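Input: a single structure, listed below in structure tokens.
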Amino acid sequence: MTATEILFWFLSALALFSALMVLISKNPVHSVLWLIVVFFAISGHYILLNAQFLAIVNLIVYAGAIMVLFLFVIMLMNLNNASEPQRNSLIKLAGVVAGCLLLMVMVSAVRSAGEISHSQATSDGGIGLIENLGTVLFTQYVVPFEISSVLFLSAMVGAVVIGKK
Amino acid sequence: MPIQYYIILAAAIFCIGVTGVLVRRNAIIIFMSIELMLNAVNLLLVAFSKMHYAVASAATKNMEVNTGTDAQLFVFFIMVVAAAEVSVGLAIIVMMYRNVRSIDVNFLNRLKN
């Protein structure tokens with residue numbers, strides 16, 4: 001077992017475990033903290049795939065900005081004590097069974113797909129580095145980039161308009 | 001690593017997110033489950049881009065290949081849209097909390113009758 005494989009299995013187990021803990025924990029603040037662990041694990045996967053730019057952006061945008069926003073909202077509402085009424089257990093069971101069945105369908109579809117059975121996701125090659133991505137972003141994808149800035153502006157205005165009152 | 005491992009990992013994270021949306025009643029937890037699903041898809045896109053790169057670089061020897069860059073930029077744009085979505089969604093949840101003093105999604109059944 002090489003170091004890459006050990007890291008892959010460790011990060012996968014960490015991501016799955018913390019994703020489950022997001023659902024299981026009663027306290028919303030704990031859920032947010034577990035979700036941050038999931039994002040760190042996924043960033044580790046990006047680094048293993050040599051997509052370093054996306055790893056850093058994932059950490060900064062998700063674990064840094066979005067999760068802090070979630071924490072702010074939770075603490076603003078003072079939801080720290082678990083006051084959430086539970087769904088009845090039949091609906092819970094139905095939800096869990098539905099999720100497991102969806103996973104089963106996907107896994108069996110992947111196992112029977114012949115096209116991808118010998119493909120590897122390599123970690124070599126520099127396409128995930130910032131130089132290459134920046135060149136393509138600012139030559140071929142300039143228009144979507146500018147449109148996304150307009151999207152941000154409208155989201156900002158929308159959030160302020162909805163939030164005030 | 002074989003691409004199937006990444007596909008199954010992303011499918012598992014995605015299904016955990018789906019289960020979270022179905023099981024929990026807290027609007028913020030539901031929102032976080034949606035973020036989980038978005039991240040599973042991002043991971044899958046990056047893995048596929050590297051697979052695509054491996055296939056292309058095996059086909060053309062001794063050449064600079066840029067195959068797969070598009071997928072990673074796609075992930076970048078998904079992150080941009082997700083950030084905008086989170087800001088608006090959290091504003092909506094705050095407004096809902098102000099109106100009903102709760103973030104239980106079962107209070108939002110005014111259209112039911």
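The values are calculated or read from the model by the stated rules, or taken from the named source; none is laboratory data. Owing to the predicted nature of the structure, the values given are computational and were not obtained by experimental measurement. A quick note on method: Cβ atoms are made from the backbone with ideal geometry, for glycine too, and the neighbour counts reach across all protein chains shown. These accessible areas exclude ligands, DNA and RNA; they are computed on the full protein's heavy atoms, side chains included. Shrake-Rupley method; radii C 1.70, N 1.55, O 1.52, S 1.80 Å.
Taking the criterion of being facing chain A (nearest Cβ under 7 Å), assigned to a loop (DSSP other than H, G, I, E, B) and of a type in the set (S, T, N, Q), the only residue of region B:50-73 that qualifies is B:66. Residue count for region B:24-49 satisfying the condition of being open to solvent by 20 Å² or more (accessible area, probe 1.4 Å) and in a helix (DSSP H, G or I): 9. Within the option set B:76, B:14, being closer than 25 Å to residue A:155 by Cβ and touching a helix residue (DSSP H, G or I) at 6+ places or on another chain (Cβ under 6 Å) holds for one residue only, B:14. For region B:55-77, the tally of residues that are among the hydrophobic types (A, V, I, L, M, F, W, C), open to solvent by 20 Å² or more (accessible area, probe 1.4 Å) and under 22 Å from residue B:1 (Cβ atoms) stands at 7. Among the residues making up region A:128-145, those that are free of Cβ contacts under 8 Å to residues at least 12 places away in the same chain and either open to solvent by 90 Å² or more (accessible area, probe 1.4 Å) or under 17 Å from residue B:50 (Cα atoms) (or both) are A:131, A:132, A:136, A:138, A:139, A:140, A:143. Quick check on residue B:5: is it surrounded by fewer than 22 Cβ atoms within 10 Å (Cβ to Cβ) and touching a Phe, Trp or Tyr at 6+ places or on another chain (Cβ under 9 Å)? Yes: the conditions hold for residue B:5. If you go through region A:76-99 one residue at a time, do you hit one that is under 19 Å from the mean Cα position of the chain (by Cα), surrounded by 14 or more Cβ atoms within 10 Å (Cβ to Cβ) and part of a helix (DSSP H, G or I)? Yes, region A:76-99 has at least one match. Within region B:16-48, the set of residues being in contact (Cβ under 8 Å) with a residue 60 or more places away in the chain and charged (D, E, K, R) comprises B:25 only. All of B:100, B:105, B:81, B:86 fail the test of being open to solvent by less than 10 Å² (accessible area, probe 1.4 Å) and farther than 18 Å from residue A:49 by Cα, apart from B:86. Residues considered: A:154, A:123, A:148, A:108. Of these, the only one that is surrounded by 13 or more Cβ atoms within 10 Å (Cβ to Cβ), among the polar types (S, T, N, Q), out of contact with any strand residue (DSSP E or B) (no Cβ under 8 Å at 6 or more places or on another chain) and part of a helix (DSSP H, G or I) is A:148.
Screening region A:19-73 for residues that are outside any helix (DSSP H, G or I) and either among the aliphatic types (A, V, I, L, M) or touching a residue at least 12 places away in the same chain (Cβ under 8 Å) (or both) and picking the one that is surrounded by the fewest Cβ atoms within 10 Å (Cβ to Cβ) gives A:26.
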